[in-house]
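Only one structure is covered here, and it is reproduced in the block below.
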Amino acid sequence: MIKAQFQVFVSPEAVAEAVAAHIAEVVRARPETVLGLATGKTFVPIYEALVRVSVETGLSFAEASSFNLDEYVGLAPNHPASFRRYMEENFFRHVDLPAERALLPEADGDAAAACLAYEAAIVARGGIDVQLLGIGRNGHIGFNEPGSAFDGRTQVAKLTPSTIAANTSDFPPGEVPPPEAITMGIGTILEAREIVLVATGAGKAEALARAFLAPPDETCPASALQRHGHVTVFCDEAAFAGMGHQAKA
Ligand code: GLP
């Protein structure tokens, strides 16, 4: 019995439309929604679709707040590969979410203090209503790499060589990702009231199957999501390929 609802679509574009429609519905129903946001290539078409919905329907984020999952340690917020810059370019500058309520971990200063401050800020907002999550090829969520504790809080995490290799294309030529990032911990993530996991492309099929078909295990961080009662996986057929027919809604 798989403890997540799967919504499977023909293409990444169809996944993006569906995720955007879902987030729009949540924010329309509750304008003060606290969103947990994610970055990565998977989310580029999702923010594009959400911005389009916002423009076309007048959906406002003026009462909403957001907390991103992670940020590289030591990158200035305006570095071309920082997640702050990604969020500004793909989402924040196109919508009316107030800048003071659109937060990412402050990873270019005292990182330990930033981790504590981030946890406190999430609590002060009343917790995260809907957390968007991607998945790494090794099953990571946020920057919680294999071996991360399922009860971990916001912390400085070391990136694995495979994650550094996967994200190098986001950096200017000749630069590589920093070796560390601040990430919400798996425990922090599991406290969100709803989780939306997005996976597209054949490269995610193995990670998705490991996350939901085997018992939860710290070697696959995303398998912790089996311990959450309200997870929806939005994926395309290529990413769903390892799941068999058992999970399809
Ligand atoms: C990154 C991020 C994750 C993201 C994952 C997959 O390293 N820290 O939050 O979900 O890797 O990224 P992509 O969508 O580019 O495959």
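The values are calculated or read from the model by the stated rules, or taken from the named source; none is laboratory data. In this text the structure is predicted, and so the values were computed from the model without any measurement. So basically every Cβ, Gly included, is an ideal-geometry build from the backbone, and we count neighbours across all protein chains shown. Side chains are part of the model used for accessible areas, which takes the heavy atoms of the whole protein and leaves out ligands, DNA and RNA. Shrake-Rupley method; radii C 1.70, N 1.55, O 1.52, S 1.80 Å.
A quick yes/no check of all residues on (1) touching a strand residue (DSSP E or B) at 6+ places or on another chain (Cβ under 7 Å); (2) open to solvent by 10 Å² or more (accessible area, probe 1.4 Å):
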position: 190; (1), (2): no, yes
position: 205; (1), (2): no, yes
position: 208; (1), (2): yes, no
position: 220; (1), (2): no, no
position: 226; (1), (2): no, yes
Query raised in the report: List, please: which pairs have Cβ atoms under 8 Å, are six or more places apart or on different chains, and start with a residue in the stretch 120-148 that is acidic (Asp, Glu) and end with one that is more than 15 Å from the ligand (Cβ to nearest atom) and at pLDDT 95 or above?
Result: 129/26; 129/30; 129/33; 129/34; 129/193; 129/194
Query raised in the report: residue 99 fails exactly one of the following numbered conditions: (1) more than 12 Å from the ligand (Cβ to nearest atom); (2) in contact with a Lys or Arg (Cβ under 7 Å, 6 or more places away or on another chain). What is the number of that condition?
Result: (2)
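Give me a count of the residues in the stretch 69-88 that are in a helix (DSSP H, G or I) and surrounded by 21 or more Cβ atoms within 10 Å (Cβ to Cβ).
Residues that pass the stated criteria total 4.
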**Report entry** Output for the stretch 168-181, where each listed residue is part of a strand (DSSP E or B) and either away from the ligand (no atom under 11 Å from the Cβ) or open to solvent by 20 Å² or more (accessible area, probe 1.4 Å) (or both)
**Finding:** 180
Query raised in the report: Scanning for something at pLDDT 95 or above, touching a helix residue (DSSP H, G or I) at 6+ places or on another chain (Cβ under 6 Å) and more than 12 Å from the ligand (Cβ to nearest atom), does the stretch 122-131 turn up at least one residue?
Result: yes
